[in-house]
Amino acid sequence: MNRKYRKTVIAGNWKMNKTPTETKAFMTEFKTIMPRGRWCDVALCVPAVCIPAAVRTMRETRIGIGAENCNANASGAYTGEIAANMLLDAGCKYVILGHSERRQYFAETDETVNKKVLKVLAEGLKPIVCVGESLQQKQTNITNEVVCMQTKAALCGVSPAKVTDVVIAYEPIWAIGTGMTATATDANRTIAAIRAAIRELFGDAADQVRILYGGSMNDKNATELMSQPEIDGGLIGGASLVAEKFEKVINYHG
Ligand code: PEP
């Protein structure tokens, strides 16, 4: 299936940036400049305490608000954690899972990511599952093996009916926040390999799974990356923190 049959997704990842007050200011500004067309899905994944302000300000717009993580359990004695149904009730549509920063600093593993994916899907949210290789793995030419293994592990036990709710973000770790991007050709090739791995598990449903590129994507390089047939959108960190820049990424086609 050609990419034109998959709806583009542009998602922002604010990481640990902005207060609720700053969130309200950003969303208020963004609402006035965001593109009016309906041609792509736009998500902003924000710190948990900013979700109410984001949801309130973006009500009646087509921007979906998301979280940056959640716990795999339904409820209980997990001090400091947030369950998927809480995010849903707060108005979220998306949850980023398995970001490399969480894998690096918070002991996230393929197994915990998988449990979270299953829980998030069961609650009716869309997981944005991050996969990506380190610089060392890239230099030893094992990128495809690494990202395909991470993808298959994340999707273990997902039903064929639900797999199309999953969004995968291919994010080379060495490209995140560094100003270095994968070349459009390399990113396209790796995403094609991820899609082939999904096809092994889910057959032709793989053609409907949206796979994004992330890693220093911005208003300058979005058009080239997005012109690739396998790249269905972007997960944007730094460039999603400034309303004008994020709007330009969404408007990548000119
Ligand atoms: C990210 O954090 O997912 C990301 C892609 O960050 P940046 O765009 O800043 O590289």
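The values are calculated or read from the model by the stated rules, or taken from the named source; none is laboratory data. No experiment lies behind these values; they were computed from the predicted model shown. For the accessible areas, the whole protein counts, side chains as well, though only heavy atoms, and no ligand, DNA or RNA atoms are used. Shrake-Rupley method; radii C 1.70, N 1.55, O 1.52, S 1.80 Å.
Annotation: Glu244 carries an accessible surface of approximately 110 Å², with a 1.4 Å probe and no ligand, DNA or RNA atoms counted.
Rounded to a whole number, what % of the accessible area of the chain do carbon and sulfur atoms account for, probe 1.4 Å?
C and S atoms contribute 53 percent here.
Once the Kirkwood radius over Cα pairs is known for the chain, the Stokes-Einstein relation at 37 °C and 0.692 mPa s delivers a diffusion coefficient of 182 µm²/s.
For the range 95-221, the equivalent ellipsoid derived from the Cα gyration tensor has semi-axes of 22, 16, 14 Å, listed largest first. Checking the cross-link pairs Lys126/Lys162; Lys31/Lys220; Lys18/Lys245; Lys7/Lys220; Lys115/Lys138; Lys18/Lys119 against a 18 Å limit on the alpha carbon distance flags Lys31/Lys220; Lys7/Lys220; Lys115/Lys138; Lys18/Lys119 as lying beyond it. Inter-part distance, the range 211-237 to the range 131-204, computed on C-alpha centroids, equals 14 Å.
Counting heavy atoms of the protein chains only and a 1.4 Å probe, report the per residue accessible area for the range 72-194 as a whole number of Å².
Heavy-atom accessible area per residue stands at 47 Å².
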